[in-house]
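Heads up: the structure comes next, in structure tokens.
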Number of protein chains: 2
Amino acid sequence: MNIAVDAMGGDHGPDVIVQGALDAASELGVHVTLVGLEDLIREKIGHRQADGNVTVHHCEEVVEMDESPLKAIRKKPDASIRVAFNLVRDGNADGVVSAGNSGATLAAGILTLGRLEGVERPAIASFVPRERGRVILIDVGANVDCRPAHLFQFGVMGNAYATACLMMQDPKIGLLSIGEEGSKGNDQVRLARELFEESRLNFVGNVEGRDIFSGDVQVVVCDGFVGNVALKVTEGMGQAMTSMLKEELNRSLMSRIGRFLSRKALRLFSQRLDYAEYGGAPLLGLKGVAIVCHGGSSPRAIRNGIRQAAVNVENQVLDKMSVELNNFRDFMV
Amino acid sequence: MNIAVDAMGGDHGPDVIVQGALDAASELGVHVTLVGLEDLIREKIGHRQADGNVTVHHCEEVVEMDESPLKAIRKKPDASIRVAFNLVRDGNADGVVSAGNSGATLAAGILTLGRLEGVERPAIASFVPRERGRVILIDVGANVDCRPAHLFQFGVMGNAYATACLMMQDPKIGLLSIGEEGSKGNDQVRLARELFEESRLNFVGNVEGRDIFSGDVQVVVCDGFVGNVALKVTEGMGQAMTSMLKEELNRSLMSRIGRFLSRKALRLFSQRLDYAEYGGAPLLGLKGVAIVCHGGSSPRAIRNGIRQAAVNVENQVLDKMSVELNNFRDFMV
């Protein structure tokens, strides 16, 4: 098992990526290929280069966060994210992990590996922590301007991933809108709803933002703009709430004692909200395993993203998804 | 001071609305006019009808949650929400509070009172709790399909409300998108950004979902679909986190003792997340004060919505907003 990691992506540069990759290699027994500027990567590895589980694959170019993804990918054939996907295409790696520009990751993945049959627009699926189990939110940023048919395809992919990889049986699919009634929502959602209703998916109708956490639904479909906002709202709120809780608990001696006695419970609570624990989000619909990590990923998030890629490869996610997608072929495109 | 309350709106029917209105009348010294089916309202009031602070204003019709707002308002001249706005128009009430169909509230408000000069699309502004101060999110549901110019107008209204009513000086305005770079976002946001950049608003650029909680920004602008999803995500997450925290704290004897000692701090923490404390969201841009409450409002939320309407009337919000809007007239429409 070899996972190609784009060492140049992410808001904090190669420092964090290299550290997370080294952790993954030593702790998870996964071989990691770091793709990027070799000198820089070697410098970051420093004296940690211990075992043979890490390889550096040199390339000359990098896609910056503020570049237009499509243009950047076209004019930089030696960009780290393209080279990482090349490794998968040529059978030298089994999956890609990137914390870089997610639009560029998508573009490079489509250009290099192509799409699974029936998929017009690959999409990023993210897991949102909630009280019981978890919910898949798809798309969280790959496609910002979507047509209704794209939303329907996200539903089919979310269903396939949940069924094939998360062992959910006939997961309930909801369409993210601003009211449960069919008349609510924007034009895009109203038309997508019709497609879902005509399909054999276990479609439960419109769901609202709050149902992501409390609703009886396993897959929530939305366009990449709305999904990205929703996901980042949960992130920001998780952090803000953890601080607010600390602040309240520090106000009196009594509650500080209480805080001390509850410290283990409070730590577990924070962990349940910490995105680093989840690692990354699968980019679904490509002919290859790809995990998109948060731009601001910590080393722990990168490590867990690599773990997730490895698990998806081991579970033969692609084959299973192809079978599932095939089941819905009549309804696609 | 007399606030007209649509007694028929809301998911839980007149029970909750009447209870909240009676609480407001007795606790806040505000006169409340309950608009709706008189017999039903009188039945809900029961023996609580104590002082002269509550009037019932009968009407025959109600807009249901699943009706098309515009059609319903046009064909039901005697709908409770229309009659409530009529009371304001005719000088018999100073403001309207509704927990009903927010599209219908908007349509009735425009039809009955009209819009402030320079405003093409009234919008709902909501307050999101965060660690320090609060942030205004506009629009959270009045306009689901927006043009870039509408987003700009929401910014002007948010700025006017923050300046005139919340005493914020030159508030920082951000445009909700999925990346800070100008190239990120959908077409609508990219074009709106140009309008903001050309204006004299204190525009800080794109902000992301997480910046609602942590960013150095006081007004966050988005279309009503995205804003509504974001708002309901915060609601759902607040509730889910409160339960998750309880669950973790109940796992061991030690943490249960800790929970007991910290109970006051934990209660304050929950309160900071409880939307009922905030009451409702001002519907900005009408020639009248209107507060939109959550469909699932508790009596406490209705009471606080009425309080908010009263405060906005007392603070002469409309006059102040007109002045502020006038300052930006060159940039509007």
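Observations
- Candidates B:Leu195, B:Leu175, filtered to the one that is over 19 Å from A:Val229 (Cβ atoms) and not charged (D, E, K, R): B:Leu195
- Test: residue in the stretch B:72-84 that is touching a residue at least 12 places away in the same chain (Cβ under 8 Å) and more than 25 Å from B:Ala142 (Cα to Cα): no
- Of all residues in the stretch B:305-323, those that are part of a helix (DSSP H, G or I) and either free of Cβ contacts under 8 Å to residues at least 12 places away in the same chain or over 17 Å from the mean Cα position of the chain (by Cα) (or both) total 6.
- Scan the stretch B:132-147 for residues that are surrounded by 19 or more Cβ atoms within 10 Å (Cβ to Cβ), within 14 Å of chain A (Cβ to nearest Cβ) and not in a loop (DSSP other than H, G, I, E, B) and the total you get is 2.
- Number of the condition not met by A:Leu325 [criteria: (1) surrounded by fewer than 24 Cβ atoms within 10 Å (Cβ to Cβ); (2) farther than 18 Å from A:Ile136 by Cα]: (2)
- Residue within the stretch B:151-170 that is within 14 Å of chain A (Cβ to nearest Cβ), modelled with pLDDT under 95 and part of a loop (DSSP other than H, G, I, E, B) present: no
- No other residue among A:Ala24, A:Ala4, A:Ala72 is at pLDDT below 95 and within 23 Å of A:Ser298 (Cβ to Cβ) apart from A:Ala24.
- All positions within the stretch A:294-304 that are assigned to a helix (DSSP H, G or I) and at pLDDT below 90: none
- Matching residues, the stretch A:191-207, being in contact with an Asp or Glu (Cβ under 8 Å, 6 or more places away or on another chain), crowded, with 21+ Cβ neighbours inside 10 Å and more than 25 Å from B:Ala99 (Cβ to Cβ): A:Phe203
- Any chance B:Ala108 is part of a loop (DSSP other than H, G, I, E, B), within 29 Å of B:Asn326 (Cβ to Cβ) and of a type outside the set (Lys, Arg): no
- Condition met for B:Leu34 (at negative phi and either modelled with pLDDT of 95 or more or within 23 Å of the chain's Cα centre (by Cα) (or both)): yes
- Any hit, the stretch A:258-266, residues being crowded, with 17+ Cβ neighbours inside 10 Å and in a loop (DSSP other than H, G, I, E, B): yes
- Check on B:Ala281, closer than 16 Å to B:Val128 by Cβ and modelled with pLDDT under 85: no
- Filtered residue count, the stretch A:186-207, keeping only those that are of a type outside the set (A, V, I, L, M, F, W, C), in a helix (DSSP H, G or I) and touching a helix residue (DSSP H, G or I) at 6+ places or on another chain (Cβ under 9 Å): 6
- Checking each residue in the stretch B:29-51 for being more than 26 Å from A:Lys184 (Cβ to Cβ) and touching a strand residue (DSSP E or B) at 6+ places or on another chain (Cβ under 8 Å) picks out B:Val30, B:His31, B:Val32, B:Thr33, B:Leu34, B:Glu38, B:Ile41, B:Arg42, B:Ile45.
- Subset of the stretch B:246-275 that is under 19 Å from A:Asp211 (Cα atoms) and not acidic (Asp, Glu) - its residue that is farthest from the other protein chains (Cβ to nearest Cβ): B:Tyr275
- Looking across the stretch B:208-243 at every residue that is at the interface with chain A (Cβ under 7 Å from one of its Cβ atoms) and part of a loop (DSSP other than H, G, I, E, B), the one that is surrounded by the most Cβ atoms within 10 Å (Cβ to Cβ) is identified as B:Gly209.
- In the stretch B:133-151, the residues that are farther than 12 Å from B:Gly227 by Cβ and assigned by TED's automatic domain parsing to the domain that holds B:Lys232 reach residues that are assigned to a helix (DSSP H, G or I) and polar (S, T, N, Q) with C-beta atoms within less than 6 angstrom, at least six apart or across chains, in these pairs: B:Pro148/B:Gln188.
- For B:Gln188, the conditions (1) surrounded by 24 or more Cβ atoms within 10 Å (Cβ to Cβ); (2) within 14 Å of chain A (Cβ to nearest Cβ) all hold with the exception of (1).
- Of residues in the stretch B:1-24 being farther than 14 Å from B:His57 by Cα, free of Cβ contacts under 8 Å to residues at least 60 places away in the same chain and of a type outside the set (D, E, K, R), the one surrounded by the fewest Cβ atoms within 10 Å (Cβ to Cβ): B:Gly13
- For the stretch A:171-185, filtered to residues that are assigned to a loop (DSSP other than H, G, I, E, B) and at pLDDT 90 or above, the residue that is farthest from the other protein chains (Cβ to nearest Cβ) is A:Pro171.
The values are calculated or read from the model by the stated rules, or taken from the named source; none is laboratory data. Everything numeric in this text was worked out from a predicted model, so none of it was measured. Every residue, glycine as well, gets a Cβ built from its backbone with ideal geometry; the counts of neighbours run over all protein chains shown.
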